[in-house]
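The values are calculated or read from the model by the stated rules, or taken from the named source; none is laboratory data. Only a predicted model underlies this, so the values are computations on that prediction, with no experimental measurement involved. Neighbour counts are summed over all protein chains in view; Cβ atoms, including those assigned to glycine, are modelled from backbone coordinates with ideal geometry. Ligands, DNA and RNA are excluded from the accessible area calculation, which covers all protein heavy atoms including side chains. Shrake-Rupley method; radii C 1.70, N 1.55, O 1.52, S 1.80 Å.
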Amino acid sequence: MIKMKKQDEELIAQHPWLLDVSGPLLAWYDRQARILPWREQNTPYRVWVSEIMLQQTRVEAALPYFERFMQALPTIKDLADADPQLLLKLWEGLGYYNRVRNLQAAARAVVEKWDGNLPDQYDQLVSLPGIGDYTAGAIASIAYNRPIPAVDGNVLRVLSRLLASRADVTQPSVKKEMRSLAQAMIPSERAGDFNQALMELGAMVCLPNGAPRCDQCPVYHLCRGSQQGIAHELPVKPPKKQRRSIDLTVFILICEGNVLLRQRPKKGLLAGLWEFPHVEGWITAEEASRWVNQWGGKVLDNHALPKAQHIFSHLEWHMTAYKMLCTSFPAPKGYIWADRSQLSGQIALPSAFRAYSKHLPEWL
DNA sequence: AAGACGTGGCT
DNA sequence: TAGCCAAGTCT
């Protein structure tokens, strides 16, 4: 029996009926759980990689990446030794690219400190880069069946509704309380299944956007939110702030079957990925040609492309672009002339330029 | 504490 | 169309 902190005991004592959730929830999970590759084979490494991929990312989006990643890098040692550019290529299009950098940094630490074996202790897991409170709990419980809570957005939503709580779930203090409650709810013999069942319920039944499918819920009878008719209003979150908007002019420079690309800085947005050269603001075709002249090339043909936009979480790019066929010139420092095969095998381009990059096969 | 950090799907 | 938001972490 895991010892509970005194505050935790008092907290769950206020909601003793929450202890009735695990029974029906696990019975539902046993019937309805999706078959997922990291569930079929829940080795610590596979669980770890899946949890990192699933951070702020839907299962359907992560699925193809997971299979490819595990095939390319079957062990933690392989991950530790991998070429960082290959890692970015394996992550291309998944977003939040720091995740894969941290994954490798953590793999190297695991090889050094624990001979390549992922630890099973929360404190050791949470000390690794990219593994926060949620992920440490998820790995400890799912891979090692340790009774540690794994409270993600799904669980916050499910618990808010079960409790009919209007507390702001983005507040760390509220998350902390939810973690304490989730901790107390864990049946120690099936910790991993219970945590996954809570998340699965949130993903499949207790849906966000005011659309819970309460008629399908195995713990409907225990849910204060549905009893009070407010489940669809929960959880409560503060309104989002407005995004910053940036105008960009993108240069698609093409010369003899190659396109000019440059690597983004090591830190910040899309760090380390490759991109089309661009300048801030919208400029004319003549001004764009002048940039090429400055690099030592002559524009043979200049074609304005349709405007495109890309929405990030915190900013928006409004892009216009010129496709310019030009004479050969040496790539400036930090730039490369990339051909088709490099693009398909080594160069990781962010989806932000997809409106233009999708045409590269025809242009090269 | 609040903002940076991607992307795609759904309403 | 525009907004919401998903198995969060780091600074």
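Here the spin labels are modelled as points 7 Å beyond Cα on the Cα-Cβ line, and at A:Gln71 and A:Arg34 they lie 2.0 nm apart.
In chain A, the DSSP beta bridges split such that about 65 percent are antiparallel, to the nearest 5. Note on A:Asp115 and A:Ser344: their simple-model spin labels are 4.3 nm apart, each label 7 Å out from Cα toward Cβ.
Using a probe of 1.4 angstrom and keeping all protein chains present, the accessible surface of chain A works out to 50 square angstrom per residue.
Quick one: with all protein chains in place, what share of the accessible area of the range A:244-363 is carbon or sulfur, to the nearest percent (1.4 Å probe)? Mind dumping the intermediate values first?
Numbers: 3130 of 6090 Å².
After summing per-atom areas, the C and S share lands at 51 percent.
Overall, the range A:6-233 carries a charge dipole of about 340 debye about its Cα centre when +1 sits on the Cβ of Lys and Arg and -1 on the Cβ of Asp and Glu, all other atoms neutral.
Report the full-extension gain for the segment A:Asp83 to A:Asn302: residue separation times 0.36 nm, less the Cα-Cα distance, to one decimal in nm. Intermediate values should be presented prior to the final figure.
Numbers: separation 219, 0.36 × 219 = 78.84 nm, distance 3.68 nm.
Contour length minus Cα-Cα distance gives 75.2 nm.
Using just its DSSP H runs of length 4 or more, each adding -39500 (n - 2.57), chain A gives a mean residue ellipticity at 222 nm of -13000 deg cm²/dmol after division by all residues.
With all protein chains in place and a 1.4 Å probe, the accessible surface of the range A:71-172 carries 49 percent carbon and sulfur. For A:Gly202, the shell of other residues with beta-carbons less than 14 Å away shows a net charge of +3, using +1 for Lys and Arg and -1 for Asp and Glu.
Across A:Tyr96, A:Tyr65, the residue with the most accessible area heads the list, and the full order at a 1.4 Å probe is A:Tyr96, A:Tyr65.
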